[in-house]
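These notes are about the structure you will find just below.
The values are calculated or read from the model by the stated rules, or taken from the named source; none is laboratory data. Note that the structure is predicted; figures quoted are calculated from it, not measured. Glycine also receives a Cβ, built like all others from the backbone with ideal geometry; neighbour counts cover every protein chain displayed.
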Amino acid sequence: MPILCKPAVRVPEYTITMEQTLDFARNTHAGKPQLPLALRLIENTGVQKRHLVQPIEKTLDHPGFEERNRIYETESKKRCPEAVEEALANALLRAEDIDAIIYVSCTGFMMPSLTAWLINTMGFRYDTRQLPIAQLGCAAGGAAINRAHDFCAAHPDSNVLIVSCELCSLCYQPDADDIGSLLSDGLFGDAVAAAVVRGRGGAGVTGVQLRRNASYLIPHTEEWISYAVRDTGFHFQLDRRVPGTMEPLAPVLRDLAAGHGWDAADLDFYIIHAGGPRILDDLAKYLGVDRSVFRHSWGTLTEYGNIASAVVLDALRRRFEEGPLPTDATGVIAGFGPGITAEMALGTWVDGTTHHHRVHPAAEAAPRPYAGRIS
């Protein structure tokens, strides 16, 4: 079965604290009647620090949609390769061993996708499959894991690279002063992440062996999280009902686990999208688990903010760095985003340093030929 290896995560060098965010909000939106509520909501996010791709002075400026998208392209090309190289090393693979690249991002636009640039620049094979995903927002991290799982299930000897590039600060709109916009200004951060899903094989690799995945759309909620695309770029729109979506989604997670013979309230690890504090608190409540089981997601939220599709990869990185789990420990990965969409996966922990009986012997053979590896 496919193994999701340890992710690599990079955050930009510029930072902004909660205190700075509150000060900027007070100065920029002084006198607005909704400001006191927005300040309270930002304080309640628990986001202590976020990383930005530009200094705060440039972040607060709006040079126009064209210039912002140029910055997105420049910065994504600057920052993704390092994460990709580390993710490949974590998977004990080289660029030429990758059969497909899934690129997820909702904060800028490129055509061709960054996948083409990565292939031409980093030594990936020219027959590498490309799958860019742009419109699943924060759910795209979970979706990328699931589509990589599906690809490896269809082509068992293949390997898939996932790349997430979320430069949320490039979507800041200085003139937007509704509650949803002000809250998002204090919640979202920038990050780049990458991870590899290895197909059959992988001696010595520790990771999450992907067992089952599922998607679910809450009916008639497609307007609750959305972009309005205007002359000034992407305007994030957030409905006040979004935090309440964990009540209908928790039973879906329980059913997914039950269908695999597991109890969703009794798993060994939980990698959950950190959309905000109420998302995590409500899901803990409706699953019947202690909020501490989401500690890796809380860590991402506190230190990086909501980094969109990269959240689940960063939370998983934190799970890896916390220390080993017993082989066959059970867990769930779940991302939530526009739709309202949930992308969910079940997996078991594999300790590649001590259990090689799961590994396909082909992993230790010479690299396969360049051509014709996937029909």
Practice problem: Residue by residue through segment 242-259, note down the ones that are surrounded by 15 or more Cβ atoms within 10 Å (Cβ to Cβ) and of a type outside the set (S, T, N, Q). | Solution: Val242, Pro243, Met246, Pro248, Leu249, Ala250, Val252, Leu253, Arg254, Leu256, Ala257
Quiz item: Is it the case that some residue within segment 213-226 is at pLDDT below 90 and under 22 Å from the mean Cα position of the chain (by Cα)?
Solution: yes
Self-check item: Count - residues of segment 125-150 that are farther than 19 Å from Leu346 by Cα and either touching a Phe, Trp or Tyr at 6+ places or on another chain (Cβ under 6 Å) or surrounded by fewer than 24 Cβ atoms within 10 Å (Cβ to Cβ) (or both)
Solution: 12
Quiz item: Identify, please: which residue in segment 93-118 is small (Gly, Ala, Ser) and under 24 Å from Ala154 (Cβ atoms) and is, among those, surrounded by the most Cβ atoms within 10 Å (Cβ to Cβ)?
Solution: Ala100
Exercise. Look at segment 230-256 and say how many of its residues are within 29 Å of Met110 (Cα to Cα), over 22 Å from the mean Cα position of the chain (by Cα) and part of a loop (DSSP other than H, G, I, E, B).
Key: 2
Self-check item: Members of segment 219-241 found to be of a type in the set (Val, Ile, Thr), surrounded by fewer than 17 Cβ atoms within 10 Å (Cβ to Cβ) and touching a residue at least 12 places away in the same chain (Cβ under 8 Å), listed by number
Solution: Thr232
Self-check item: Selection within segment 279-324 - assigned to a loop (DSSP other than H, G, I, E, B), in contact with a strand residue (DSSP E or B) (Cβ under 9 Å, 6 or more places away or on another chain) and either within 20 Å of Ala140 (Cβ to Cβ) or at pLDDT below 95 (or both)
Solution: Gly305, Ile307, Pro324
Quiz item: Between a first residue in segment 124-148 that is on the phi > 0 side of the Ramachandran plot and a second residue that is part of a loop (DSSP other than H, G, I, E, B) and of a type in the set (A, V, I, L, M, F, W, C), which pairs have beta carbons less than 8 Å apart while being 6 or more apart in sequence or on different chains?
Solution: Gly137/Cys106
Practice problem: Looking for whichever is hydroxyl-bearing (Ser, Thr, Tyr) and under 17 Å from Glu166 (Cα atoms) here; the options are Thr28, Thr17, Thr59. Which one fits? | Solution: Thr59
Quiz prompt | Candidates Ala176, Ala153 - the one that is assigned by TED's automatic domain parsing to the domain that holds Ala25, surrounded by fewer than 24 Cβ atoms within 10 Å (Cβ to Cβ), among the hydrophobic types (A, V, I, L, M, F, W, C) and part of a helix (DSSP H, G or I) | solution = Ala153
Quiz prompt | Qualifying positions in segment 99-143 - among the β-branched types (Val, Ile, Thr), within 22 Å of Pro338 (Cα to Cα) and either modelled with pLDDT under 95 or touching a Leu at 6+ places or on another chain (Cβ under 6 Å) (or both) | solution = Ile102, Thr107
